[in-house]
């Protein structure tokens, strides 16, 4: 939440460019010149730079009076509590929503520093009002607070200036404010509306600010009604709303604010990249429908070319039924509606799939409908439909539903799911998915604690998946296949031998050879490959997200690949058994002596070790000195072992089968002939296969490797150092983009009472959020006292009042 | 290609070496049994009969000039010297050390470990089944000596067999005493094991059921078309398992005996690689695919399928 732009008296201030604008510009192909973000003293909640307003410069603007009202409205009309030292640098604002904090911070930065609240007043240190550089503390008496709620969509404060001026400041959604503006005296109404639309399109959250000077008598009369309503025992809320209506009228528009709910840096690009990588993205969010759609637009997940299916419970019929108050009837109506819409959408989806190619579909469904759509009867339809859609957005979903949707995809569509989120409400979803990724950020650590992987920013997901995930898939599949191959091959040679021993189970190799084969002679190189192997550079992994599809389609670890490895293993085992044994079968060296069983076994084993290790050269994509060291080291290890083992007689071993054997066979030409011939002959098939593969049906990464070879590789830079363990993904749930923007003007206010929305669905009544400023203010005072007394009560976070 | 270029000469060299070897092979297990023993059972009976003298004479013609030394082998077929239980049935400890505890260490030698509760030296099936056909050669009445020294590997002689004298060896018993079967050759009780080279050769068990073992060397050249008379003492029973016995006379080359396999394999691999190299070359020339052309990437070639 950052104060990003504003429009005062028909003039837009603020130079920043939002991510969404950047993304949109990129989509349209028109690059926006990269503007330096205001580097100077970046304050939390404040990302605004315009010399026309800062440091008192507003006094030279066409409308200094309006600017002053604008800032005062920001400084006065809110429910924020200041905490800490009353200095601009040290103060901490405790706000019900980050938006409010952002607005108050903005006022502070403009020179209207709100620093103290008492139950009846607000103190603001105003700079540059009388004269540039002059500061004065002004106390505004707060007479009434007309609180925010989701039906009013606005908030007002009536305050009295020290000089007795009585003003109502109001801020709220454009729709409600515009309804209540004075007919005349609002020259900026239309320009401001244009600005609102512009802000909305840029993904900013807007509020309109307005004020009204009150006549003391009119106010007194109204206040009586207000007090009455406030003390009403029945329908207090409703009565208060009605009373508020009486005074919140004939407003004069000041301007509007635009707050950037920072989609984290690079989110749209990241999502676009992942989508290119064949990952299907679902947005599961607690936000409103419009907001969620806007986010989807912002993330390039949806665009206007898509056919959208919107299943929304907020329709007129449903509302009518709800008004009748019969819960059962409501449920039935919604259920029927959801079923109809789902089936209809599915029919259309199938139709459009058949007729129009390339038409992309998007599904938007809200939490309430989702509740019915997740019924066992409708679940199948929902699944079918959502699998056909390119983008799926679920809004207003509860944490539980997030998990339900995740498991629906996981179990129903048999896809690999990854959930990423940053809030506590994402925990269940993170746990439900195959892979849970937590973003450690402002919203606490719960998500991170529940996750398998934790990243600091959403955009790092690109690296996590496209670089680390893909590489580890590649490596794991290679290592597993290789293990499979090397053991199959080794065992098969043993098997062939037993065809010649009357099936007696005689070992072809010595016990120790056999036991150390997997432990020493062929262990390290494959681990090295598993650690270091990399098909294309990291830069290119990012550049070609499509490479990721290989994982989704499981190209490197399907049956075909394993069968190819197995065929190669069978072929090699035949060569590795028959060649050495044929070579010495009738052979004798020039001294005429014959070689025996253990000579054959040792010779074959030498060939096996050499072959299996060299096979890795064909399997790995690039060779470092570690590869060389490990591969030749393993072969060397075998020889060293063989020399020792046949060089010394183990007194505990009753049968010194291998004693002296290696020296005998190394003294024959056969050995040297075989050790050159056998690995070459057995690797020839793999070499051929690899060559054909590269030439006739190259994998995508082959081509990129060639490109790298020709053009050279840009220097790899790793953004993240993460443990590279990841499985292939198919669909990706995405949430944690808590932003609120509406389609055109981007109205926003405090987060709607999300919890109570669901609570009311489940029949639990929950009090609306309390904005009883007086109570909070007095609480603050009492806490201060108690801390003076030395008690150490923890300060309540703003959530504690919800 | 490179492989081909390197391999073919090596292969040719190996093949030439193998071809330069002159071999005479004579299968005698049937011929050396009087023709009235027709069925296999009768032959087994014949061979197990210790009373008869089983000398048989074979006439061998030298096909080409054979340069000395000429190696004399016996070749057995269908003889599973690599059977698991057979391979195990020996005590290398006993063979080498022979003293004290290891003398009696015949645990692994089952079923030929004890004779009258005394440990057999050398124990085990392998030693017991020592080959006992003998050969002697004459050329037109003149004896051709067969040198039986140095037919075993030095390492075996020096490192695997010790100065151990045979004892209790069942084959040395008078025929069929105690009902024990005679497996094969008897041993000279006055010669230590490390000098009994026939045994040492025999005990280096073969890898395959068809194997050759060195019998001795003829230390003189044989001219072509010489008639060589081989006198065979046909004692060894391979009839009960229908094993073949062959007498082999062979010269050696630098590489070894007559074995075309390596040469052929080298030449084959070499040829195949040259052929494939050419094939690739032609393919590249005819259907070139520019390297690193990203338009060949799968997603650039066909519309992305979701």
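Per-residue answers, yes or no, for (1) over 19 Å from the mean Cα position of the chain (by Cα); (2) modelled with pLDDT under 90:
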residue	(1), (2)
B:147	no, no
B:167	yes, yes
B:177	yes, yes
B:180	yes, yes
B:193	yes, yes
B:217	no, no
B:232	no, no
B:238	no, yes
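Against the conditions (1) over 30 Å from residue A:666 (Cβ atoms); (2) free of Cβ contacts under 8 Å to residues at least 24 places away in the same chain, where does residue B:154 fall short? Just the number, please.
(1)
Against the condition within 11 Å of another protein chain (Cβ to nearest Cβ), closer than 30 Å to residue A:708 by Cβ, in contact (Cβ under 8 Å) with a residue 24 or more places away in the chain and buried (at least 17 other Cβ atoms within 10 Å of the Cβ), how does residue A:683 come out, does it pass?
Considered against the rule, which asks whether it is within 11 Å of another protein chain (Cβ to nearest Cβ), closer than 30 Å to residue A:708 by Cβ, in contact (Cβ under 8 Å) with a residue 24 or more places away in the chain and buried (at least 17 other Cβ atoms within 10 Å of the Cβ), residue A:683 comes out as yes.
Give me the pairs, please: first residue somewhere in region A:184-197 and surrounded by 15 or more Cβ atoms within 10 Å (Cβ to Cβ), second residue anywhere and assigned to a helix (DSSP H, G or I), beta-carbon distance under 6 Å, and either six or more positions apart or on two chains.
A:196/A:174
Among the residues of region A:662-677, what is the count of those that are surrounded by 23 or more Cβ atoms within 10 Å (Cβ to Cβ), more than 16 Å from residue B:257 (Cα to Cα) and more than 9 Å from chain B (Cβ to nearest Cβ)?
So the answer is 1.
Only residues that are part of a loop (DSSP other than H, G, I, E, B), within 11 Å of chain A (Cβ to nearest Cβ) and surrounded by fewer than 18 Cβ atoms within 10 Å (Cβ to Cβ): list them for region B:138-161, please.
Passing the criteria: only B:150.
Does region B:1-16 contain at least one residue that is over 30 Å from residue B:273 (Cβ atoms), under 24 Å from the mean Cα position of the chain (by Cα) and not in a loop (DSSP other than H, G, I, E, B)?
no
Residues that are touching a helix residue (DSSP H, G or I) at 6+ places or on another chain (Cβ under 6 Å), under 30 Å from residue B:87 (Cα atoms) and within 13 Å of chain A (Cβ to nearest Cβ): which strands (runs of 3 or more DSSP E) entirely in region B:209-261 hold 1 or more of them?
Counting at least 1 such residues, we get B:211-218.
Being part of a loop (DSSP other than H, G, I, E, B) and touching a strand residue (DSSP E or B) at 6+ places or on another chain (Cβ under 7 Å) is the filter here; which residues of region A:458-487 pass it?
Within region A:458-487, just A:458 meets the criteria.
Inspect all residues belonging to region B:124-131 and state whether any of them is under 28 Å from residue B:221 (Cβ atoms) and either in contact with a helix residue (DSSP H, G or I) (Cβ under 9 Å, 6 or more places away or on another chain) or away from chain A (no Cβ under 14 Å) (or both).
yes
Of the residues that sit in region A:495-519 and are part of a helix (DSSP H, G or I) and surrounded by fewer than 15 Cβ atoms within 10 Å (Cβ to Cβ), which one is farthest from the other protein chains (Cβ to nearest Cβ)?
A:519
Is one or more of the residues making up region A:552-560 modelled with pLDDT under 85 and part of a helix (DSSP H, G or I)?
yes
Among the residues of region A:330-344, is there at least one that is in contact with a strand residue (DSSP E or B) (Cβ under 8 Å, 6 or more places away or on another chain), surrounded by 24 or more Cβ atoms within 10 Å (Cβ to Cβ) and either within 14 Å of chain B (Cβ to nearest Cβ) or in contact (Cβ under 8 Å) with a residue 60 or more places away in the chain (or both)?
no
Tally up the residues in region B:17-47 that are surrounded by 15 or more Cβ atoms within 10 Å (Cβ to Cβ) and part of a helix (DSSP H, G or I), please.
6
Restricting attention to region B:65-88, which residues are assigned to a loop (DSSP other than H, G, I, E, B), more than 9 Å from every other protein chain (Cβ to nearest Cβ) and within 19 Å of the chain's Cα centre (by Cα)?
If the condition is that a residue be assigned to a loop (DSSP other than H, G, I, E, B), more than 9 Å from every other protein chain (Cβ to nearest Cβ) and within 19 Å of the chain's Cα centre (by Cα), then B:78, B:79 are the ones that fit.
Looking only at region A:457-494, how many residues end up being within 14 Å of chain B (Cβ to nearest Cβ) and touching a helix residue (DSSP H, G or I) at 6+ places or on another chain (Cβ under 6 Å)?
The total comes to 1.
The values are calculated or read from the model by the stated rules, or taken from the named source; none is laboratory data. For clarity, every value in this text was computed on a predicted model and none was experimentally measured. Here the Cβ is made from the backbone with ideal geometry for all residues, glycine too, and neighbour counts use every protein chain on show.
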